[in-house]
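A.B. asks: I am attaching a structure below and will ask some questions about it afterwards.
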Amino acid sequence: MTVPPKSLARPLSSQAAREENTEERIRSLLWRYQPEFVLAGSLEILFTRNSSTLVSLSQRKGHGTLRLHVLFSSAPAGVLEDVIRFCFTCKDQAQSKTLRSRILDYVGENRNQAIATVARPACYAPEGSIYDLEEILWHVIREYVPERRLKRTRPSIGWSKRATTELMGKWIETPREEANIIVINRLLDDERVPSYYIEYIVYHELLHDLFSISRSHGRWVKHSPEFQTREKTHPLYARAREWETRELHSLTTSENAAR
């Protein structure tokens, strides 16, 4: 395959150009702190739209992958240096906490921008083989979260594309003008799963709409004490958690066996 000269190559988009520039800046910082990564060429830098894990470093057999949310493609030099020090050089717990706090300060100051970069997922159908999530959502709002009816928009809800054995529900926050999304694990669309358990999972995810993510002791907290207190007011909370503890494992085990 013939590679076109740079003068004829398609120009990078503004976002791609920012990411390329930031990658060069990161490698320059690495030269200062961890030159062996630069010399070995063993570090891959990826920009993602993962709003759950904004910074992560994985290392295996001399190869590393640094994943950063696209928010960091516009980060100032000081923030990038904090990221490099936090991921590669910091071994002191107090210093690690300070660096994490400064990184989260940057994320917090630019949180709306991070949400705006979330690629809206494909539509999730609420009708399942056993349960209709749209009906369950309306029931949960009416019975347990009545204040949610006062909001201009309500979240959309649907089953995940495939069954998994991990997360049973997920709350996806989208830009302000769009409806947030609740995704329920398709594994639960099963006659062995009682309706009250699915109601509880929908209720839990809906509470994220009332109790936003917050900062505490240098960390982002998804389930604040207020969130947990409200969650436990659900009349079937104890029963749902009991079923989860007793029966969910057998459900996930049978799903693994079917693969």
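The values are calculated or read from the model by the stated rules, or taken from the named source; none is laboratory data. Owing to the predicted nature of the structure, the values given are computational and were not obtained by experimental measurement. Here the Cβ is made from the backbone with ideal geometry for all residues, glycine too, and neighbour counts use every protein chain on show.
A.B. asks: May I ask you to list pairs of residues, at least six apart or on different chains, whose Cβ atoms are under 7 Å apart, with the first in the range 58-85 being β-branched (Val, Ile, Thr) and the second being in a loop (DSSP other than H, G, I, E, B)?
C.D. replies: Pairs found: 70/49; 70/117.
A.B. asks: Tell me yes or no: at least one residue of the range 41-56 is in contact with a strand residue (DSSP E or B) (Cβ under 8 Å, 6 or more places away or on another chain), closer than 26 Å to residue 109 by Cα and small (Gly, Ala, Ser).
C.D. replies: For the range 41-56, residues in contact with a strand residue (DSSP E or B) (Cβ under 8 Å, 6 or more places away or on another chain), closer than 26 Å to residue 109 by Cα and small (Gly, Ala, Ser): present.
A.B. asks: Among the residues of the range 130-151, are any modelled with pLDDT of 80 or more and closer than 30 Å to residue 70 by Cα?
C.D. replies: No, the range 130-151 has no match at all.
A.B. asks: Take the residues in the range 51-62 that are at pLDDT 75 or above and closer than 23 Å to residue 174 by Cβ; name whichever of them is surrounded by the fewest Cβ atoms within 10 Å (Cβ to Cβ).
C.D. replies: Top of the filtered list is 53.
A.B. asks: Have a look at 199, 205 and point out the one that is modelled with pLDDT of 85 or more, in the same structural domain as residue 154 (by TED's automatic domain parsing), within 19 Å of residue 135 (Cα to Cα) and touching a helix residue (DSSP H, G or I) at 6+ places or on another chain (Cβ under 7 Å). Full working, then the answer.
C.D. replies: Working: 205 fails: touching a helix residue (DSSP H, G or I) at 6+ places or on another chain (Cβ under 7 Å).
Going through 199, 205 in turn, just one is modelled with pLDDT of 85 or more, in the same structural domain as residue 154 (by TED's automatic domain parsing), within 19 Å of residue 135 (Cα to Cα) and touching a helix residue (DSSP H, G or I) at 6+ places or on another chain (Cβ under 7 Å): 199.
A.B. asks: Another question about this same structure. Pick from 96, 56: which is part of a strand (DSSP E or B) and of a type in the set (Gly, Ala, Ser)? Write out each step before concluding.
C.D. replies: Values: 96 fails: part of a strand (DSSP E or B).
Just a single option satisfies the conditions, and that option is 56.
A.B. asks: Right, next: With modelled with pLDDT under 90 and either surrounded by 19 or more Cβ atoms within 10 Å (Cβ to Cβ) or not in a helix (DSSP H, G or I) (or both) as the only criterion, which of 257, 179 stands out? Explain how you work it out, then say what you get.
C.D. replies: Values: 257 fails: either surrounded by 19 or more Cβ atoms within 10 Å (Cβ to Cβ) or not in a helix (DSSP H, G or I) (or both).
So the residue among 257, 179 that is modelled with pLDDT under 90 and either surrounded by 19 or more Cβ atoms within 10 Å (Cβ to Cβ) or not in a helix (DSSP H, G or I) (or both) is 179.
A.B. asks: A follow-up question, please. Here are the criteria: (1) at pLDDT 90 or above; (2) farther than 30 Å from residue 107 by Cα; (3) surrounded by 15 or more Cβ atoms within 10 Å (Cβ to Cβ); (4) not small (Gly, Ala, Ser). Tell me which single one residue 245 does not satisfy.
C.D. replies: All conditions pass for residue 245, except number (3).
A.B. asks: For the range 210-227, which positions are at pLDDT 65 or above and part of a loop (DSSP other than H, G, I, E, B)?
C.D. replies: 210, 211, 212, 213, 222, 223, 224
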